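Below is one structure, written out as structure tokens, with a few remarks after it.
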Amino acid sequence: MTLLGTLLAGEPRALARAISLVERGGPAGEKLVVQASAHAGTAAITGITGPPGVGKSTLVGALVRELRTRDDRVAVLSVDPTSPFTGGALLGDRIRLADHFLDEAVFIRSLASRGSLGGLAAAVRPAALLADAAGYSHVLIETVGIGQAEVDIAGQADTTVVVLMPGAGDTLQAIKAGLMEIPDVLVVNKADHPRADDLVRELRRTARFRARNAPIVKTNALTGDGVAELADVIAGHRSREHGRRTAGRQTAAQREIVRLAMDGLRVRIERLLHGGDEGRAALEAVAAGHRTPESTARWLIAELTGEGGNR
Ligand SMILES: Nc1nc2c(ncn2[C@@H]2O[C@H](COP(=O)(O)OP(=O)(O)O)[C@@H](O)[C@H]2O)c(=O)[nH]1
Ligand SMILES: [Mg+2]
């Protein structure tokens with residue numbers, strides 16, 4: 001079978017090879033992505049971002065476990081160079097303890113963040129698309145760093161989750177880094193920390209965050225507390241957003257179709273008016289006042305729609 005065939009059949013090794021091909025760059029990877037895109041579009045793509053050490057990787061592991069109880073296949077893409085699951089070690093081991101079918105159902109892959117001008121790894125979007133085409137119903141993308149990568153993720157994911165932790169004085173830095181402009185969902189992780197509720201209150205008072213009106217979810221990624229709620233909130237946001245996006249795309253499609261049809265019609269109308277004896281006679285008659293523009297327009301429409309007859 002071709003790589004595309006094994007990818008669409010959902011073979012994890014095919015997905016790994018496909019992502020490597022895309023990371024390498026070049027026409028073979030591009031072609032594969034184009035072919036696969038016809039089979040993508042159903043996965044929920046969630047970006048998980050925030051400062052280092054807040055517990056993103058741990059939370060991703062907990063989310064994977066939660067989504068697995070819902071019987072979903074999950075792909076994790078990490079653009080965190082310090083990620084403890086580089087090579088699948090930590091997260092992979094923990095998950096394998098929980099469920100021995102997981103090798104098939106959970107795909108974990110680190111993506112190099114080099115080579116993309118400090119932003120999100122160039123391969124992230126195509127890799128998410130490939131995972132989608134391979135039948136993973138959830139794609140979780142972890143990004144780290146302070147700067148553009150976090151903000152970039154918002155354009156790539158259906159739902160952007162920003163993770164903060166109490167007692168780190170993160171709020172101000174997060175605001176400075178633009179993190180408060182992007183969350184669809186805000187997570188206060190390490191809810192076991194005594195200052196967790198202080199952080200929630202502080203965030204609720206932060207004007208720039210309030211403007212986004214995003215829900216705040218408290219989690220303990222180590223115990224899994226709050227993680228089911230987080231999965232629900234993400235799913236809720238995604239389904240609302242998906243509906244809005246579909247509607248928006250349909251409006252744009254309609255505008256484009258009408259514009260193209262009008263252009264085509266105008267050409268044919270002008271051809272009718274200038275290209276034949278009947279048209280020229282009609283023009284002269286309207287100009288001389290022997291015939292109304294309305295009846296001439298009705299005649300044109302009848303000609304174009306094949307409804308025939310001189311009216
Ligand atoms: N107390 C507590 N520690 C946590 C929690 N979540 C993660 N950690 C710990 O925080 C540290 C950083 O976690 P990690 O997932 O690597 O953070 P990342 O850099 O944001 O990916 C690790 O030692 C985790 O065990 C939590 O909810 N509560
Ligand atoms: Mg991490």
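The values are calculated or read from the model by the stated rules, or taken from the named source; none is laboratory data. Just so it is clear, the model here is predicted, and its values are computed rather than measured. Counting neighbours? That spans all protein chains shown, and the Cβs are built from the backbone with ideal geometry, glycine included.
Please find, within the stretch 64-80, the residue that is surrounded by the fewest Cβ atoms within 10 Å (Cβ to Cβ) out of those that are within 13 Å of ligand 2 (Cβ to nearest atom) and of a type outside the set (S, T, Y). Checking each candidate, the answer is D80.
Collect the residues in the stretch 222-277 that are among the polar types (S, T, N, Q) and more than 16 Å from I45 (Cα to Cα), keeping them in residue-number order.
Hits for the stretch 222-277 are T223, Q250, T251, Q254.
Of all residues in the stretch 200-224, those satisfying the criterion of being touching a helix residue (DSSP H, G or I) at 6+ places or on another chain (Cβ under 9 Å) and either closer than 14 Å to N189 by Cα or β-branched (V, I, T) (or both) are L203, T206, P215, I216, V217, K218, T219, N220, A221, L222, T223, G224.
When you check R240 against the structure, is it out of contact with any His (no Cβ under 7 Å at 6 or more places or on another chain), farther than 25 Å from G55 by Cα and surrounded by fewer than 20 Cβ atoms within 10 Å (Cβ to Cβ), yes or no? In short, yes.
What residue, of R291, R245, R255, R240, is on the phi < 0 side of the Ramachandran plot and not in a helix (DSSP H, G or I)? Full working, then the answer.
Working: R245 fails: not in a helix (DSSP H, G or I); R255 fails: not in a helix (DSSP H, G or I); R240 fails: not in a helix (DSSP H, G or I).
On inspection, the qualifying residue turns out to be R291.
Has the stretch 168-181 got any residue that is outside any helix (DSSP H, G or I), at pLDDT 75 or above and within 16 Å of ligand 1 (Cβ to nearest atom)?
yes
Cβ-Cβ contacts under 6 Å between residues 6 or more apart (or on different chains), taken from a first residue in the stretch 224-237 that is assigned to a helix (DSSP H, G or I) to a second residue that is hydroxyl-bearing (S, T, Y) and surrounded by 15 or more Cβ atoms within 10 Å (Cβ to Cβ), are listed as V227/T219; L230/T219; I234/T46; I234/T159; H237/T159.
If you go through the stretch 268-282 one residue at a time, do you hit one that is of a type in the set (K, R), within 49 Å of the chain's Cα centre (by Cα) and either farther than 30 Å from D158 by Cα or surrounded by 13 or more Cβ atoms within 10 Å (Cβ to Cβ) (or both)?
Just the residues of the stretch 268-282 that are of a type in the set (K, R), to begin with: 268, 271, 280.
Pick out the ones that are also within 49 Å of the chain's Cα centre (by Cα) and you get 268, 271.
Filter once more, keeping what is either farther than 30 Å from D158 by Cα or surrounded by 13 or more Cβ atoms within 10 Å (Cβ to Cβ) (or both): 268, 271.
Looking through the stretch 268-282, at least one residue is of a type in the set (K, R), within 49 Å of the chain's Cα centre (by Cα) and either farther than 30 Å from D158 by Cα or surrounded by 13 or more Cβ atoms within 10 Å (Cβ to Cβ) (or both).
Here is the figure for the stretch 45-71: residues that are more than 7 Å from ligand 1 (Cβ to nearest atom) and among the hydroxyl-bearing types (S, T, Y) total 3.
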